[in-house]
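One structure below.
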Amino acid sequence: MDSGLRTQCVPQYRLLTGSQIREIHRTSLEVLETIGVRVAHEEGARLLEGAGCRAKEGDVFQIPNWLVEEAIGSAPSRITIYSQEGEEAMRLGGRNIHFGLGTDLVTAYDLNTGEMRDSELRDVSNAARVADYCEDIDFVASMALPHDVPTNMMYVECVKAQLENSTKPVFFTAAGREDLSVILELAAAVSGGEKALAERPFLIHYSEPTAPLRHSRGALSKLFLCAERGIPICYTPGDMLGASTPITLAGGVVQANAEALSGIVLHQLKSKGAPIITGFALGPLDMKTGIFAYGAPEFRLTNSAFADLYHYYDLPIWSTVGTDAHALDEQAAMEHAIATLMAALDGSNLIHDAGYLGQGLLSNPATIVMSDEIISFVKRLLRGFEMDRERLAVDAIRRVGPGGDFLSDDHTYEHFRREQWQPKLLNRDDPDTWLSKGGKRYEEVLTDKTLEILATHEPRPLPRSVQDRLDEIVHRAEAELADLHFEA
Amino acid sequence: MSDVLARMAEAVIEGHVEVMEELTQEALDEGLTAKEILDQGLMPGMDHVGVEFKAGNMFVPEVLRSAKAMKESMKIVQPLLTSADIESKGRILIGTVKGDLHDIGKNLVGMMCEGAGFDVKDLGTDVDSDVFLGEIKSWEPHLIGMSALLTTTMRAMGDTVKALEEAGLRDRVKVMVGGAPVTQRFADEIGADGYAANAAAAADLARALIGRA
Ligand code: B12
């Protein structure tokens, strides 16, 4: 190499300037200090009182600025998540991006029959298996909420199905502290004990405060259980512009951030240094239809805003992609592509809901395969290109000179694999070849590929002893949880 | 129709909250009764709003502003209604069921029903079936609307229907249910009288179940 110059040309995007970030931060602090949050949990209230928060009308607590700053300081800036087999899988922090599935979709599109039906446990297994196969999907989640298991066992069965069908990290919901404990038992059985699980956590729990400005008993009891056990938790508000927050994006961001920050305060008061991932899902309530619009541009903007905020806090960031389309169609592709690109540019760390359809209500495993391809595409974009003397390629240009071509030049041979991204499934056939292969639309290609994965991809089997232990835990839990009413 | 009633309907449609008091006074001065103002001024306005919203020509905040305009007039008109008029007004009790905290959809349903002229009482979220029952006894609604967004909490709606049967109250009140995971089939299974997929459909359903507000 005959030049010291070597740079990487990469797309860079920030929405907020430093002073805008500080303005939002200050305003969120103002909301916490002067308005406060409702905390419907005795221990939560005690922790806040003990830390010097003022209680206003019973269970509303005003949180002083310094306490928030302290919690931001004590929460870890990097969380390492392992695979179920104990290998490092995701480093959540900085601008590292990791994409994965989402949880709990009520309806499933059945690839075999082409029908929409209630979700079943096999939809969870299938999603996990497909995601296990997909290289660019870094973590699994239930996708479907199974109607064919006892209601109180839904979340437990979901996690078990994911353990059986994938080795990737698991992102999961739970109805309450009780089934969450059972799920942690399942996970410990796979890790080889509670201690091993806390040392090399492969799962992330997902719980949420309730907008506007409330922490429910149920959500906090799950937050505290994870804090106690050192299990990483995503504690992230799901807010709707114009319904549960102000309609203005700036106001929504301020309020959602106040909710998220107060969650960090509660979590860190319970267990300083315990792993927490923050962010918020803040999208519009569509004023024409009244739905929560996953695919909206405003959702992408609020994602960018909190990504900038949490980079400033230096805390791991959660984010969301998705679509409002009720079928794997052009709208789904468009909204997923834009959301995926934006989330990657944001530098969010744990980006969930890849493969989601229908406003967070519908699953179709072929959508996971589409997301996998979009993510791969987007990662290529983010890699940008390298620039040095070799890549500026004056020698090659001189060799070929005016006229001629580069096809057989050594420079092309040396570099084409790294420079050129190859699609997994997107069509690049010439028109005749495309027609001779059946002239399939992308949706058909995705569906065929998904059916092939389901027919051929075998996830690693769990060791017999572990499988037996999982069966035993689930069997026991069925009786334990049978008549329980989970706390809201 | 008298000109002032037409102007009231128009003001409701346009959401002109600030002119409602004056228009209402004008209508009363002309000798119109409270019932006439309600039935021939306010409600035709709100009906139009309902149609326009369903057609996608009006937005939620505009519908709610129209409802606010109607309420502004109702502040004056309500005390003048005869007890028979008030008694004839449909009462709807709504709430999100035990274990569930999702409230935006339920709130929207409540607001739309209010806009349709019903008297609506909202019990909030995480509502026990005992609380529903108690309110049914004391407030005597014609219809209850239960909301659930979680599969784990949906069955609480069935529990309430059962509790109503056991208390011998089932034929005194109609039951409608809704929320993202709820379906017509589920409503049938638990013995509810109706299901609606969104707030505008919920107001229509309420009309169909208990008649005109
Ligand atoms: C916002 C939201 C939240 C917010 C709610 C804040 C609030 N103040 O309400 C928060 C963040 C708190 C939340 C929490 C949880 N949520 Co949530 N949430 C949503 C989300 C994204 C939107 C819901 C919403 O408000 N939509 C807008 C309103 C206007 O629509 P709607 O509620 O459907 O209401 C309309 C109709 O359904 C109908 N309707 C509603 N009620 C009634 C009643 C009657 C009588 C009638 C006739 C009609 C009717 O009319 C309404 C107006 O058009 C949905 C996804 C979705 N697309 O539904 C998930 C969703 C409902 N949540 C879900 C889950 C799993 C949870 C949590 C368990 C997550 C967790 N990790 O802990 C917790 C549970 C908390 C609890 N105990 O309740 C799942 C539910 C799956 C299931 N069936 O069990 C969903 C479907 C998302 C998903 N796929 O994961 N959530």
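The values are calculated or read from the model by the stated rules, or taken from the named source; none is laboratory data. From a predicted model like this one, the values you see are computed outputs, not experimental measurements. In this analysis, Cβ positions are derived from the backbone assuming ideal geometry, glycine residues included, and neighbour counts consider all displayed protein chains. The area values use the complete protein model at the heavy-atom level, side chains included, leaving out ligands, DNA and RNA. Shrake-Rupley method; radii C 1.70, N 1.55, O 1.52, S 1.80 Å.
What the table shows:
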{"item": "Residue under evaluation B:K98, criteria (1) open to solvent by 10 Å² or more (accessible area, probe 1.4 Å); (2) over 20 Å from A:S244 (Cβ atoms); (3) more than 14 Å from chain A (Cβ to nearest Cβ); (4) within 14 Å of the ligand (Cβ to nearest atom), criterion not met", "result": "(3)"}
{"item": "Test: residue in region B:125-144 that is over 16 Å from the mean Cα position of the chain (by Cα), within 14 Å of another protein chain (Cβ to nearest Cβ), farther than 30 Å from A:G242 by Cβ and in a helix (DSSP H, G or I)", "result": "yes"}
{"item": "Where A:G283 falls short, out of the listed (1) open to solvent by 10 Å² or more (accessible area, probe 1.4 Å); (2) under 17 Å from A:G238 (Cβ atoms); (3) within 14 Å of another protein chain (Cβ to nearest Cβ)", "result": "(1)"}
{"item": "Total residues in region A:232-246, condition touching a Gly at 6+ places or on another chain (Cβ under 6 Å), within 14 Å of chain B (Cβ to nearest Cβ) and under 22 Å from A:A274 (Cβ atoms)", "result": "0"}
{"item": "Any hit, region A:408-418, residues being assigned to a loop (DSSP other than H, G, I, E, B) and outside the structural domain of A:T167 (by TED's automatic domain parsing)", "result": "yes"}
{"item": "Strands (runs of 3 or more DSSP E) contained entirely in region A:28-147, each with at least 1 residues that are in contact with a His (Cβ under 7 Å, 6 or more places away or on another chain)", "result": "A:37-39, A:88-92, A:115-118"}
{"item": "Conditions (1) open to solvent by less than 10 Å² (accessible area, probe 1.4 Å); (2) within 16 Å of the ligand (Cβ to nearest atom); (3) in a loop (DSSP other than H, G, I, E, B): number failed by A:T302", "result": "(3)"}
{"item": "Test: residue in region B:73-96 that is at negative phi, more than 12 Å from the chain's Cα centre (by Cα), of a type in the set (K, R) and part of a helix (DSSP H, G or I)", "result": "yes"}
{"item": "Which listed residue is within 14 Å of chain B (Cβ to nearest Cβ), touching a strand residue (DSSP E or B) at 6+ places or on another chain (Cβ under 7 Å) and of a type in the set (D, E), from A:D136, A:D148, A:D118", "result": "A:D118"}
{"item": "Residue within region A:173-180 that is within 14 Å of chain B (Cβ to nearest Cβ), closer than 15 Å to A:G355 by Cα and open to solvent by less than 10 Å² (accessible area, probe 1.4 Å) present", "result": "no"}
{"item": "Helices (runs of 4 or more DSSP H) completely within region B:1-60 that count 3 or more residues being crowded, with 20+ Cβ neighbours inside 10 Å", "result": "B:3-14, B:20-29, B:43-54"}
{"item": "Residue that is nearest to the other protein chains (Cβ to nearest Cβ), among those in region B:61-82 that are among the polar types (S, T, N, Q) and buried (at least 17 other Cβ atoms within 10 Å of the Cβ)", "result": "B:S66"}
{"item": "Residue that is nearest to the other protein chains (Cβ to nearest Cβ), among those in region B:151-206 that are closer than 18 Å to B:L123 by Cα and near the ligand (Cβ under 6 Å from one of its atoms)", "result": "B:A199"}
{"item": "Residue satisfying condition, being over 22 Å from B:T151 (Cα atoms), more than 15 Å from the ligand (Cβ to nearest atom) and either open to solvent by less than 40 Å² (accessible area, probe 1.4 Å) or among the hydroxyl-bearing types (S, T, Y) (or both), within set B:D85, B:D119", "result": "B:D85"}
{"item": "Number of the exception - A:S363 against (1) crowded, with 17+ Cβ neighbours inside 10 Å; (2) on the phi > 0 side of the Ramachandran plot", "result": "(2)"}
{"item": "Of the criteria (1) buried (at least 19 other Cβ atoms within 10 Å of the Cβ); (2) under 30 Å from A:V149 (Cα atoms), which one B:K162 fails", "result": "(1)"}
{"item": "Enumerated strands (runs of 3 or more DSSP E) restricted to region A:160-257, each holding at least 3 residues that are within 9 Å of the ligand (Cβ to nearest atom) and closer than 26 Å to B:V60 by Cα", "result": "A:238-241"}
{"item": "Residue match in region B:93-109 (condition: outside the structural domain of B:S138 (by TED's automatic domain parsing) and β-branched (V, I, T))", "result": "no"}
{"item": "Test set (1) away from the ligand (no atom under 16 Å from the Cβ); (2) assigned to a helix (DSSP H, G or I) - A:E386 fails condition number", "result": "(2)"}
{"item": "Residues of region A:212-226 that turn out to be open to solvent by 10 Å² or more (accessible area, probe 1.4 Å) and either modelled with pLDDT under 95 or within 12 Å of chain B (Cβ to nearest Cβ) (or both), as a count", "result": "4"}
{"item": "Residues located in region A:229-270, provided they are open to solvent by 30 Å² or more (accessible area, probe 1.4 Å) and either over 21 Å from the mean Cα position of the chain (by Cα) or at pLDDT below 95 (or both)", "result": "A:R229, A:G242, A:A243, A:P246, A:I247, A:T248, A:L249, A:A250, A:L269, A:K270"}
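This table checks each residue for (1) within 14 Å of chain B (Cβ to nearest Cβ); (2) out of contact with any strand residue (DSSP E or B) (no Cβ under 6 Å at 6 or more places or on another chain).
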site	(1), (2)
A:Q255	no, no
A:H267	no, no
A:S271	no, yes
A:A274	no, yes
A:I277	no, no
A:A293	yes, no
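Table: residues versus (1) away from the ligand (no atom under 16 Å from the Cβ); (2) farther than 23 Å from A:R6 by Cα; (3) assigned by TED's automatic domain parsing to the domain that holds A:A127.
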{"site": "A:V394", "(1), (2), (3)": "yes, no, no"}
{"site": "A:I397", "(1), (2), (3)": "yes, no, no"}
{"site": "A:D405", "(1), (2), (3)": "yes, yes, no"}
{"site": "A:G438", "(1), (2), (3)": "yes, yes, no"}
{"site": "A:R441", "(1), (2), (3)": "yes, yes, no"}
{"site": "A:P461", "(1), (2), (3)": "yes, yes, no"}
{"site": "A:D471", "(1), (2), (3)": "yes, yes, no"}
{"site": "A:H475", "(1), (2), (3)": "yes, yes, no"}
{"site": "A:F486", "(1), (2), (3)": "no, yes, no"}
